[in-house]
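Bear in mind these aren't lab numbers, they're just calculated from the coordinates by the rules spelled out. If you're wondering where the values come from, they're calculated on a predicted model, not measured in any experiment. Heads up, the Cβs are rebuilt from the backbone with ideal geometry, glycines too, and the neighbour counts pull from every protein chain shown.
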Ligand SMILES: [Zn+2]
């Protein structure tokens with residue numbers, strides 16, 4: 001994943017922390033990452049919506065060479081996930097070996113550490129996906 005600046009990361013954190021998108025009130029389309037304008041009709045998108053936390057793997061790839069701050073995670077799977085409302089999201093699939101990931105596999109949202117930003121002490125968090133049967137982790 002491309003590393004964002006810390007201010008941009010901070011401004012967009014709610015969308016990654018809770019998996020939120022923007023919805024066009026004119027035609028009902030939902031976008032993630034959030035957009036300011038609907039590419040279909042040009043409407044300004046002011047409405048944010050909480051996206052479903054479950055979906056299925058539409059496509060995936062196994063990453064063998066990655067960013068230097070994520071070397072301990074290699075190899076890992078990154079998938080195109082179709083959420084239950086049809087919104088498509090790209091995210092890392094964890095909790096199982098990458099060779100066990102398959103197309104059509106059911107997955108669910110998991111709030112996890114992304115890793116520390118290069119040259120800073122800021123630790124980034126956001127969403128990843130785990131198999132739907134993976135036990136829930138109580139973060140309280
Ligand atoms: Zn629209």
One quarter of the C-alpha convex hull surface, i.e. the mean projected area of the range 6-131 in nm², amounts to 8.2 nm²
Just want to confirm a number: the relative contact order over the range 6-131, from Cα pairs under 8 angstrom separated by 6+ residues, in percent.
21 percent
Would you calculate a helix-derived [θ] at 222 nm for the chain, using -39,500 (n - 2.57) for each DSSP H run of n ≥ 4 and dividing by the full residue count, to the nearest 500?
-2000 deg cm²/dmol
Calculated FRET efficiency, residue 103 and residue 5, Cβ-Cβ r, R0 25 Å, to nearest 0.05?
0.15
Using a Förster distance of 41 angstrom, determine the FRET efficiency expected from the C-beta separation of residue 46 and residue 136, and round it to 0.05.
0.80
Taking 7 Å along the Cα-to-C-beta vector as the label spot, tell me the residue 12-residue 53 distance in nanometres, rounded to one decimal.
2.3 nm
Where labels lie 7 Å past Cα in the beta-carbon direction, separation of residue 125 and residue 84 in nm
2.4 nm
Roughly speaking, what % of Cα-Cα pairs in the range 22-93 are separated by over 18 Å, rounded to a whole number?
51 percent
Which order do the peptides 86-98, 35-47 come out in when sorted by mean C-beta neighbours inside 10 angstrom, highest first?
86-98, 35-47
